[in-house]
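Q: Below: one structure in structure tokens.
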Amino acid sequence: MSDRIRVAIADDQVLFCAGIEMIVRSQPDLEFVGAAYDGEAIVSLAGREAPDVILMDIRMPKADGITATRHAVAASPGSRVIVLTTHQRPDAVAHAIAAGAHGFLMKDARPELMLAAIRTVHDGSSVFAPPTTVALIRDLTPHTEDQPDQQAIAALTAREREVYLLAARGLSNAEIAEASYIGETTVKSHISSILSKLELASRLQLVAHAFNHHLVK
């Protein structure tokens, strides 16, 4: 069985998809498994091919990228979605997070940036979310004087709470490992447990969860 990262793309621009396919195929650790040109087609592709990473455009016919993300993740729970966008609108960020997106990438990003995003999201070492994304999540959260809702993370162990708070600030697995004096593999295990216990789909949802419950500022 191949240990390469299996990548799919959903975008209604055929030439753009062809360009992404060429870039992905040029990498020895990546495998291109298909392109879909509308929101319904990517859901079918996800269920059929179970790609590791899906690059998902927001604006597509038949179903937009947010709706397609929700259904694609349901059809292939192991797939991680990177939303492609021409500009980071706060409402799009909020809806994509709720749908289960694992990261954001500007469509005009350099190829090496896209490749780094694919690898880091697949690895789970960090969600590819630039500081502006964390800032957008923060700005989307109502600013109140409410006290931190510690009950929201009562199900977590002491170590998991520590990892949760560091991840909520946008730290990568490597940074969390250094701050907590534990290995990256242990961090990944904690993150997986945290997401399961809190019924969250992604690291981005973890960040939003922390802001919504006033656990970070």
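Each reported figure results from applying straightforward, stated rules to the coordinates on display, with no laboratory input. Keep in mind that what you see is a predicted model, and the values were worked out from it rather than measured. Here the Cβ positions follow ideal geometry from the backbone for every residue, glycine too, while neighbour counts run over all protein chains shown.
Q: Taking K62 as the anchor, which lysines have their alpha carbon closer than 22 Å to its alpha carbon, excluding any fewer than eight residues away along the same chain?
A: K107
Q: Right, here's the next one. Mind listing the long-range amide H neighbours of I5? Cut-off is under 5 Å, sequence gap 5 or more, other chains count too, H placed in the peptide plane at 1.01 Å from N.
A: Residues meeting the amide H criterion: L30, E31.
Q: Relative contact order, percent, of the stretch 1-100 when contacts are C-alpha pairs under 8 Å separated by at least 6 residues?
A: Averaging sequence separation for qualifying contacts and normalising by length gives 26 percent for the stretch 1-100.
Q: If you take the Cα Rg of the stretch 145-212 and divide it by 2.2 N^0.38 Å, with N the number of residues, what do you get? List each step's numbers first, then the result.
A: Details: Rg = 11.3 Å, N = 68, 2.2 N^0.38 = 10.9 Å.
Taking N as the residue count of the stretch 145-212, the ratio is 1.03.
Q: Moving on. Take M22, M106, M114 and order them by how many other Cβ atoms sit within 10 Å, fewest up front.
A: So the ranking, lowest neighbour count to highest, is M22, M106, M114.
Q: Another one. Roughly what angle does helix 203-212 make with the longest principal axis of the chain, taking Cα atoms, 0 to 90 degrees, to the nearest 10?
A: 40 degrees
Q: Right, another one. Helix 39-49 against the longest principal axis of the chain: what's the angle in degrees, Cα atoms only, rounded to the nearest 10?
A: Between helix and principal axis, roughly 90 degrees.
Q: Then there is this: Relative to a virtual label point 7 Å from the Cα of L165 in the Cα→beta-carbon direction, which members of the stretch 181-215 show backbone nitrogen distances below 12 Å?
A: 215
Q: How do Y37, Y181 line up, fewest other C-beta atoms within 10 Å first?
A: On the way: Y37 18, Y181 6.
Ordered from fewest to most neighbouring Cβ atoms within 10 Å, Y37, Y181 come out as Y181, Y37.
Q: Roughly what angle does helix 158-168 make with the longest principal axis of the chain, taking Cα atoms, 0 to 90 degrees, to the nearest 10?
A: 50 degrees
Q: Per the Cauchy relation, a quarter of the hull surface: what is the mean projected area of the convex hull of the alpha carbons in the chain, in nm²?
A: The orientation-averaged projected area of the Cα hull of the chain comes to 11.8 nm².
Q: Calculate the spin-label point distance for T185 paired with F16, positioning each point 7 Å from the Cα along the beta-carbon direction, and give it in nanometres.
A: For the pair F16/T185, the computed spacing is 4.0 nm.
Q: Order of L84, L55, L156, L15 from fewest to most other C-beta atoms within 10 Å? Walk me through the numbers on the way to the answer.
A: Values: L84 24, L55 27, L156 18, L15 8.
With the fewest neighbours first, L84, L55, L156, L15 line up as L15, L156, L84, L55.
Q: Pairs of alpha-carbon atoms within less than 8 angstrom and 6+ residues apart define the contacts here; what relative contact order does the chain have, in percent? Mind showing how you got there, number by number?
A: Working: 355 pairs, mean separation 34.2, N = 217.
About 16 percent, as a whole number.
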